1. For the list (1) part of a strand (DSSP E or B); (2) free of Cβ contacts under 8 Å to residues at least 12 places away in the same chain; (3) within 17 Å of residue 60 (Cβ to Cβ), I need the number of the one condition that residue 166 fails.
2. Yes or no: the stretch 126-133 includes at least one residue that is modelled with pLDDT under 95 and closer than 18 Å to residue 78 by Cβ.
3. For residue 189, indicate whether it is modelled with pLDDT of 95 or more and in contact with a strand residue (DSSP E or B) (Cβ under 7 Å, 6 or more places away or on another chain).
4. Pairs only if they're at least six apart or on different chains, beta carbon under 7 angstrom, first in the stretch 62-84 and over 16 Å from residue 121 (Cβ atoms), second loosely packed, with under 12 Cβ neighbours inside 10 Å and at pLDDT below 95; list them, first residue then second.
5. Please find, within the stretch 154-179, the residue that is modelled with the lowest pLDDT out of those that are within 20 Å of residue 115 (Cβ to Cβ) and touching a helix residue (DSSP H, G or I) at 6+ places or on another chain (Cβ under 7 Å).
């Protein structure tokens, strides 16, 4: 993974992802008196990513996924070993939102073909939601894939997760298609959305 460097332009620090000095590669979000940086995840972030996931799942999936099933899936999908594999997977882009040195949200995208990428997970701490962080994580990924020439992003969300579905629909995802997945003996009822990446422009900061 390429290292991260910082320099100053008009008082704003820029991440140079993959050596590119390009404003479309980062997003500074102003939340009250705080600023949140969207950057590439590192191994040292993984325990914080797990913490965010455990805090967020309890709220997001209350009444949708039973508590015991949540614990099993979190233990499997958010162990340090599993997150480490996700971080280093060749076709994966793993981003975090950082504020005051703390990880407050994250997103992972996985390239599925030469034209398509899947948003496999995106979560923001419950007390930091509705502050633009989720959209900035999404924007950062879309900016990257625009440069690569990918054409479409897909996402799957729990059918009864109304907050999640509203988020994706506001972000331009459409063409919902219902499907189900059996995960460790529990059937997830899902909706798959998709949206084009072409002509994406980064959303202005709040």
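The values are calculated or read from the model by the stated rules, or taken from the named source; none is laboratory data. Please read all numbers here as calculations on a predicted model, not as lab measurements. Counting neighbours? That spans all protein chains shown, and the Cβs are built from the backbone with ideal geometry, glycine included.
1. Single failed check for residue 166: (1).
2. yes
3. yes
4. 72/184
5. Step by step, filter the stretch 154-179, then rank; the result is 171.
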